[in-house]
Structure formats: structure tokens, C-alpha cells
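Encoded as C-alpha cells, the structure appears first; notes follow it.
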Amino acid sequence: MSEKNEIIAYVIVIIVGLLIAQHMNVVVSESMEPVLYRGDIVIVEKSNFLGISEFNPDTVQVGDVVVYRATWFPNPVIHRVINETHVNGTKYFVIKGDNNPVPDPELVSPNQITERVVKIGDYPLIIPKVGYITIWLKGL
């Protein structure tokens, strides 16, 4: 393999790796146990990835596990949609961690949902415990 082809191959591997990494999210708490554990990596589809909509947040359904921008917490939250409601004609979701006793403190609008966890059948697509590296590096 020529040096030019080798460089091109390395660049392609790096780009593919970066694209794949953008579709992974680390679970940092116990709020979704026993489905998702701290340190698991979930594979997600994005509502806006480089201008491409991989899913429409308006189509989220009860039972979906989503990642959303919470107004009550500084980091993205990975929890399950447990109900859909309407307030003055506007759609909102009630979201809750499976291991939490009560729903999240505020209703969530579709525009707050940035990612949805990919499922195979009824099971989320995860890479168990590999995310502990990220948790350790970030000091979470």
C-alpha cells in the first residue's frame, strides 16, 4: 500500500470512528436500572445530526427511552417516556427514570428531545460497562 493510500485509509477510519462515537451516549446514573446501568453505552439516533433528522421527536411514543435537554438538570437526561399529554393544545411528554419513584419534575416538549435510544425488538441497544472509562475521565 502506498503512503498516500495508507493516509487516506487512516483518515477514513478516523472519520467513521467519529461518526459512530456521535451515536453513543454514556449512562451516568442508576436511574434507569435494571434496563440501563451506570457505565453502559447506549446507541442512539439523533433528531438533528449534521442537518439530517434520523427521527422526528414528534413521533416519540410511550415506552421509548430518550435523551433530552432538561431545564432542571445541567446535563442531558436519559429516561423513558411514560405518558403523552397536551396542555393548551401543545404536546408534552411525561418522562421518568425506570428506577425513580416519581416522574421527572417537568413536562418535556418534543423540541427538548435530542436523541432516542435504538431498540432491537423491545430491548435497547447497549454496550455494557464500557462507558466507565468516560465516567472516570470526566470525574462523574
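The values are calculated or read from the model by the stated rules, or taken from the named source; none is laboratory data. Treat the numbers as computed from the prediction; the structure is a model and nothing was measured. Neighbour counts are summed over all protein chains in view; Cβ atoms, including those assigned to glycine, are modelled from backbone coordinates with ideal geometry. Side chains are part of the model used for accessible areas, which takes the heavy atoms of the whole protein and leaves out ligands, DNA and RNA. Shrake-Rupley method; radii C 1.70, N 1.55, O 1.52, S 1.80 Å.
Tabulated results
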quantity	calculated
Within the stretch 76-105, tally of residues that are assigned to a loop (DSSP other than H, G, I, E, B) and touching a Ser or Thr at 6+ places or on another chain (Cβ under 6 Å)	3
Candidate set from the stretch 120-140 (those that are in contact (Cβ under 8 Å) with a residue 60 or more places away in the chain and hydroxyl-bearing (Ser, Thr, Tyr)); member that is least open to solvent (accessible area, probe 1.4 Å)	THR134
Hits in the stretch 24-35 (condition: assigned to a loop (DSSP other than H, G, I, E, B) and buried (at least 16 other Cβ atoms within 10 Å of the Cβ))	VAL27, VAL28, SER29, SER31, MET32, VAL35
Residue count, the stretch 14-45 (criterion: small (Gly, Ala, Ser) and touching a residue at least 60 places away in the same chain (Cβ under 8 Å))	3
Subset of the stretch 39-74 that is among the hydrophobic types (A, V, I, L, M, F, W, C) and more than 15 Å from the chain's Cα centre (by Cα) - its residue that is most open to solvent (accessible area, probe 1.4 Å)	LEU50
Lone unmet requirement of (1) without any contact (Cβ under 8 Å) to a residue 40 or more places away in the chain; (2) touching a Lys or Arg at 6+ places or on another chain (Cβ under 7 Å) for ASP64	(1)
Filter result for the condition that a residue is open to solvent by less than 80 Å² (accessible area, probe 1.4 Å) and in contact (Cβ under 8 Å) with a residue 24 or more places away in the chain, over VAL94, VAL11, VAL77, VAL87	VAL77
